[in-house]
Each structure stands twice: as C-alpha cells, then as structure tokens.
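For reference, the structure discussed in these notes is given below.
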Amino acid sequence: MLKGKITLITGGSRGIGAAIAKKFASLGSDIAIIYAGNHEAAMKVCEMCRVEYGIRAAAFCCDVSDFNASKKAVADIKGEFGSIDILVNNAGIVQDGLVAAMREEDFDKVIGINLKGAFNMIRHCTPIFIKNRGGRIINISSVIGLTGNAGQANYASAKAGLIGLTKSVARELAGKNITCNAIAPGFIKTDMTDGIEESGELLRNIPLKRAGTPQDVAEAAAFLAGKCSDYITGEVIRVDGGMAM
C-alpha cells in the first residue's frame, strides 16, 4: 500500500504513465502528473484517480528537458502536495531514423526529453528526498537500451544512458535511504507503438508470444515503490515477455 505517499509521474497523461498513475492511486498514493501538451488527457487521468480512488491528483504542464522549467514544476508540486515521496521518470518520445541520415535536432530532442529530462527531475527531487530521509526513484528505460535497434540510435542511446544514470544515482543516494531502479519494457501496446503491426515475426521474438500492456509495467513500478523492495536498488527489471533474455 502507498497510502499517504505522493507520487510524481512524468509523461503521465497516457500509455504507461497513465497506467502507473491509476495503479498507484489504487494503492492510496496521491498523484502529480507532469505532461507536455495534452492538457485534456492529463486532466482526465487526474479526474479518474480522484473519483475512483478518493486521492488527490493534479496535473502540471512542463518540458522536462528544460532544467529551470522542471525545477519550477517540482517546486509547484511540493507547494501543492506538501512533499514528494516517489518519482517515476516516464516521459519519452521517439524520432526514429537511420543514423546515416538522422538529423542532429532529432538526436538532441530525444536525448533531451528521455535522458536529460530524467536527470532534471532527479536533480530537483533529490533535496526533498534527503529532507524526508528516504525516497523512491523509478526510471522507465527500454529493452532497446539493452540491445540496441536499427533506426533508433537516439532512442537506444537515451534509454541506455538512463540505465547508467539509474545505477550511478543508486550508488550515490543509497546512504540517504533513497533507492533508484529502472524498468525496461519490451513491446508494449501504447500510442507510441500504434504504427507497429503485431506480426508473426515480432511475436516469434517474444517467448510469451504476446505484446505487453501498460498495466504490466505499472505492476512492476508498484513493486519497486512498495515496502517489499526496500533492499533493491540499482536494478533493471525487464518487462518484455522474455524478448531480451
């Protein structure tokens, strides 16, 4: 149970982020969602969490790749909720293309949101966690960060970097009772993967023979936020049906 906890989720208006928000709300946590542009979707998730689970929920618009904007968002969330106990770095984009033709701005934007955005949020939440004498950081990486993928050099770099960030932060903050872990989803059915067909070839690469759901990832996040994971830090949990085994 997460009753009395305050969870900040970036990219929480849809897909995996929205599923994590709903799961954590069902466990009693108050929810602060950071979204980039879809105000209506973010408000819908917050309303559902409030009505169904009776918790506090609010949405904040922020470009997480902007250091100062993310600092203000964290301050605003702390001001409204009183504190922050759990940070879920889920915000991410794709700008796919072969490396020989990839535009510099496409590489920079993916790194900025998927990797630097996570650093920004960790940097600004850490003083709150230290003051609280504890905290949980959960970074949503990807199996692509473990295996690489043609046409996704920028995305793979960001997600691999997120794993390195996870392990470094885990080592730095362990003495402060702050854990930092990552989840590496495989093929998950979300808006981001809508254009990818669930072909026989794709499913052959997944031992469990099905795509994952946002709820599968949310369950792993709930485990990492819960009491039973007190002694787990610096870990990368694959939620991929065995895809990267």
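The values are calculated or read from the model by the stated rules, or taken from the named source; none is laboratory data. As the structure is a prediction and not an experimental result, all values here were calculated from the model. We place every Cβ from the backbone using ideal geometry, glycine too, and count neighbours over all the protein chains shown.
What to note about this one:
- Annotation for the range 10-21: at least one member residue is hydroxyl-bearing (Ser, Thr, Tyr), closer than 18 Å to VAL217 by Cβ and either surrounded by 22 or more Cβ atoms within 10 Å (Cβ to Cβ) or in contact with a Cys (Cβ under 7 Å, 6 or more places away or on another chain) (or both).
- Residues satisfying the criterion are present in the range 61-83 (criterion: of a type in the set (Val, Ile, Thr), in contact with a Gly (Cβ under 9 Å, 6 or more places away or on another chain), without any contact (Cβ under 8 Å) to a residue 60 or more places away in the chain and buried (at least 24 other Cβ atoms within 10 Å of the Cβ)).
- Condition check for VAL94 on (1) out of contact with any Phe, Trp or Tyr (no Cβ under 9 Å at 6 or more places or on another chain); (2) surrounded by fewer than 22 Cβ atoms within 10 Å (Cβ to Cβ); (3) β-branched (Val, Ile, Thr): one failure, at (1).
- Condition check for THR166: more than 18 Å from VAL74 (Cα to Cα), among the hydroxyl-bearing types (Ser, Thr, Tyr) and within 14 Å of the chain's Cα centre (by Cα): yes
- The range 24-47, residues that are touching a helix residue (DSSP H, G or I) at 6+ places or on another chain (Cβ under 7 Å) and either surrounded by fewer than 24 Cβ atoms within 10 Å (Cβ to Cβ) or not in a helix (DSSP H, G or I) (or both): SER26, LEU27, ASP30, ILE31, ALA32, ILE33, ILE34, TYR35
- Test: PHE187 is closer than 19 Å to THR7 by Cβ, touching a Ser or Thr at 6+ places or on another chain (Cβ under 8 Å), free of Cβ contacts under 8 Å to residues at least 60 places away in the same chain and not β-branched (Val, Ile, Thr): no
- Of all residues making up the range 149-183, the number that are farther than 15 Å from GLY112 by Cα and hydroxyl-bearing (Ser, Thr, Tyr): 3
- Leading residue by the ranking (farthest from ALA19 (Cα to Cα)) among those in the range 169-195 that are crowded, with 18+ Cβ neighbours inside 10 Å and of a type in the set (Gly, Ala, Ser): ALA170
- Criterion: of a type in the set (A, V, I, L, M, F, W, C), modelled with pLDDT of 95 or more, part of a helix (DSSP H, G or I) and out of contact with any strand residue (DSSP E or B) (no Cβ under 9 Å at 6 or more places or on another chain) - qualifying residue of VAL51, VAL99: VAL51
- Test: residue in the range 154-168 that is polar (S, T, N, Q) and loosely packed, with under 14 Cβ neighbours inside 10 Å: yes
- The number of residues in the range 54-77 being closer than 16 Å to THR7 by Cα, in a helix (DSSP H, G or I) and more than 19 Å from the chain's Cα centre (by Cα) comes to 2.
- Residue ID - modelled with the lowest pLDDT, chosen from residues in the range 186-211 that are within 16 Å of the chain's Cα centre (by Cα), of a type outside the set (A, V, I, L, M) and not in a helix (DSSP H, G or I): THR190
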